[in-house]
Amino acid sequence: MSSLTKKIVIVLSLVVFAYITIGYALGRSSDDKAFRALTVYSEVLAHIQREYVDEPNMHQVTSGALHGLLDSLDTQSSYLSPLEYTDYKEKSAMSAKAEAGLALTKRFGYISVISALPDSPAQKAGLQLGDVLEKIAGFTTGQMAIEQAQLLLSGEPGSVVKLSVIRRGKAEPQDMEITLAKVPAPKLVEDKIEGDIAYLHVSEFQTGVTKQIREELVQFGHQGAHKLILDLRDCAIGEDSEGISTAQLFLPSGTITTLKGQTVTPVLSSADPSKVVWTQPVSVLIGNGTAGAAEIVSSAIADNHRGETVGDRTYGTASQQKLIQLDDGSALILTLANYYTPAGKEIPVDGVTPTREVRSLPGDVAEVTDQKLPGASSSPTDPVVKKAIEILQDAGAARKAA
């Protein structure tokens, strides 16, 4: 083992030992589990130093340990080595003119797909919920930060990004290509079905979408609609603030969500009766591709008994992250706080469970949003939409009886 490697091991061990000793001496924690874990870490380093088959590269060992440490926390937290962070800053400073249009998370340590925006390069390439991107542009995504993956999936219009995709039911990874393009701002898809039932699909909670939803709801009222299906399936991108303001369009009272973290003062978001636009019955469609701001909206409506949520359990990502720069040039992307439902459930942990569970058929959302829904005299082929219609019709009948 080289003298430099030995010095690195010694310094790391001394830092760990000092932290343990000082922590015990000051009595900073009544729970010594953290200190015991650090003792084990120091012991592992010592074994690597003395017994590993080859001379270890301690830079790689430490970097790998830190990547694994952050990955073990949640799907949104990541560690960026000095080289990775430098590359991240350089690419972030470049104004990307085109992108893939994907909502991403981490699964089994690799980047995976939550949803693809309508008419995006990713959707045209056939990427779908659950696809694991083993490689992006030749780089393995193992221990890769989501932010790094998004940068690799952006660039000049017309540029091609090669992917290696692991898909359920496939024994081997598939090679795919995405041709980057400027993704058009997602449009709200609206329709009117089953007489007085209006349908509205939101694919992204981008800045300004609450205003668009408000305008659509007012228009529905003018058209004589008295019931609403709000489709939030495959909606996984957007601003949390837009989700909160959208929920306020439906709720005259009650809690919308609470943001809480170990060092974050709880932030309670409440309903505002002055902002309510839709007072008629509403059913919200959710699924495995529903995440983030859409989870805030759906849980607020369900937990305040304002309407039913129909479909599958949501993905669970509603949280806030912070980029923390470290002295050695590396950085952390760390989750500081999670959003909670009005019922007190932690969304990134529990997701949002539908009040009426109905499994979607493959392609249901695409069928609804790419084509007009069936007319009032026919039954929709989408079982989730069908169940929502039944619920709203029952609600309407109950109102009339009352």
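Which residues, counting only those in the stretch 230-243, are part of a strand (DSSP E or B) and open to solvent by less than 10 Å² (accessible area, probe 1.4 Å)?
230, 231
Checking residue 46 against (1) modelled with pLDDT of 50 or more; (2) open to solvent by less than 60 Å² (accessible area, probe 1.4 Å); (3) closer than 24 Å to residue 330 by Cα: exactly one of these is not met. Which one?
Of the numbered conditions (1) modelled with pLDDT of 50 or more; (2) open to solvent by less than 60 Å² (accessible area, probe 1.4 Å); (3) closer than 24 Å to residue 330 by Cα, the odd one out for residue 46 is (3).
Pick out the one residue from 182, 192 that is more than 22 Å from residue 237 (Cα to Cα), modelled with pLDDT under 95 and not aromatic (Phe, Trp, Tyr).
Exactly one of 182, 192 is more than 22 Å from residue 237 (Cα to Cα), modelled with pLDDT under 95 and not aromatic (Phe, Trp, Tyr), namely 192.
Among the residues of the stretch 160-180, what is the count of those that are surrounded by 14 or more Cβ atoms within 10 Å (Cβ to Cβ) and not basic (Lys, Arg)?
Counting residues in the stretch 160-180 that are surrounded by 14 or more Cβ atoms within 10 Å (Cβ to Cβ) and not basic (Lys, Arg) gives 10.
Sort out which residues of the stretch 88-111 are under 14 Å from the mean Cα position of the chain (by Cα) and under 23 Å from residue 185 (Cα atoms), and write them in order of number.
Hits for the stretch 88-111 are 101, 102, 103, 104, 105.
Would you confirm whether any residue within the stretch 150-159 is over 20 Å from residue 243 (Cβ atoms), over 20 Å from the mean Cα position of the chain (by Cα) and open to solvent by less than 30 Å² (accessible area, probe 1.4 Å)?
Yes: the stretch 150-159 contains one or more residues that are over 20 Å from residue 243 (Cβ atoms), over 20 Å from the mean Cα position of the chain (by Cα) and open to solvent by less than 30 Å² (accessible area, probe 1.4 Å).
Look at the stretch 246-262 and say how many of its residues are open to solvent by less than 30 Å² (accessible area, probe 1.4 Å) and under 21 Å from the mean Cα position of the chain (by Cα).
7
Would you mind telling me which numbered condition in (1) crowded, with 18+ Cβ neighbours inside 10 Å; (2) modelled with pLDDT under 80; (3) closer than 24 Å to residue 262 by Cα residue 79 fails?
Tallying (1) crowded, with 18+ Cβ neighbours inside 10 Å; (2) modelled with pLDDT under 80; (3) closer than 24 Å to residue 262 by Cα, residue 79 fails exactly one: (2).
For the stretch 195-229, which residues satisfy the criterion of being surrounded by fewer than 23 Cβ atoms within 10 Å (Cβ to Cβ) and acidic (Asp, Glu)?
196, 215, 216
Taking the condition of being modelled with pLDDT of 60 or more and either surrounded by 15 or more Cβ atoms within 10 Å (Cβ to Cβ) or of a type in the set (Asp, Glu) (or both), how many residues in the stretch 15-38 meet it?
Final tally of qualifying residues: 3.
Run residue 274 past the list (1) in a helix (DSSP H, G or I); (2) in contact (Cβ under 8 Å) with a residue 24 or more places away in the chain and report the number of the one that doesn't hold.
(2)
Output the number of residues of the stretch 263-286 satisfying the condition of being touching a strand residue (DSSP E or B) at 6+ places or on another chain (Cβ under 8 Å), open to solvent by 30 Å² or more (accessible area, probe 1.4 Å) and farther than 21 Å from residue 356 by Cβ.
So the count comes out to 6.
Identify, please: which residue in the stretch 225-245 is of a type outside the set (Asp, Glu) and within 15 Å of the chain's Cα centre (by Cα) and is, among those, farthest from residue 193 (Cα to Cα)?
Here the answer is 241.
Could you tell me whether any residue of the stretch 278-299 is among the aliphatic types (A, V, I, L, M) and more than 22 Å from the chain's Cα centre (by Cα)?
Yes; the residues of the stretch 278-299 include at least one that is among the aliphatic types (A, V, I, L, M) and more than 22 Å from the chain's Cα centre (by Cα).
Here are the criteria: (1) open to solvent by 90 Å² or more (accessible area, probe 1.4 Å); (2) under 20 Å from residue 328 (Cβ atoms); (3) of a type in the set (D, E, K, R). Tell me which single one residue 87 does not satisfy.
Condition (1) is where residue 87 drops out.
Looking only at the stretch 290-308, how many residues end up being open to solvent by less than 10 Å² (accessible area, probe 1.4 Å) and in contact with a Lys or Arg (Cβ under 9 Å, 6 or more places away or on another chain)?
Final tally of qualifying residues: 4.
Just to be sure before I move on: is residue 311 small (Gly, Ala, Ser), surrounded by fewer than 21 Cβ atoms within 10 Å (Cβ to Cβ), out of contact with any Cys (no Cβ under 7 Å at 6 or more places or on another chain) and touching a residue at least 40 places away in the same chain (Cβ under 8 Å) in the structure I sent?
Against the criterion (small (Gly, Ala, Ser), surrounded by fewer than 21 Cβ atoms within 10 Å (Cβ to Cβ), out of contact with any Cys (no Cβ under 7 Å at 6 or more places or on another chain) and touching a residue at least 40 places away in the same chain (Cβ under 8 Å)), residue 311 does not qualify.
List the strands (runs of 3 or more DSSP E) that sit entirely inside the stretch 300-402 and contain at least 1 residues that are more than 24 Å from residue 278 (Cβ to Cβ) and modelled with pLDDT of 95 or more.
319-325, 331-340
The values are calculated or read from the model by the stated rules, or taken from the named source; none is laboratory data. Remember, it's a predicted structure, so these values are computed and weren't measured experimentally. Cβ: placed from backbone, ideal geometry, glycine included. Neighbour counts: every protein chain shown. When the accessible area is computed, the model is the full protein with side chains, heavy atoms only, and any ligands, DNA or RNA have been set aside. Shrake-Rupley method; radii C 1.70, N 1.55, O 1.52, S 1.80 Å.
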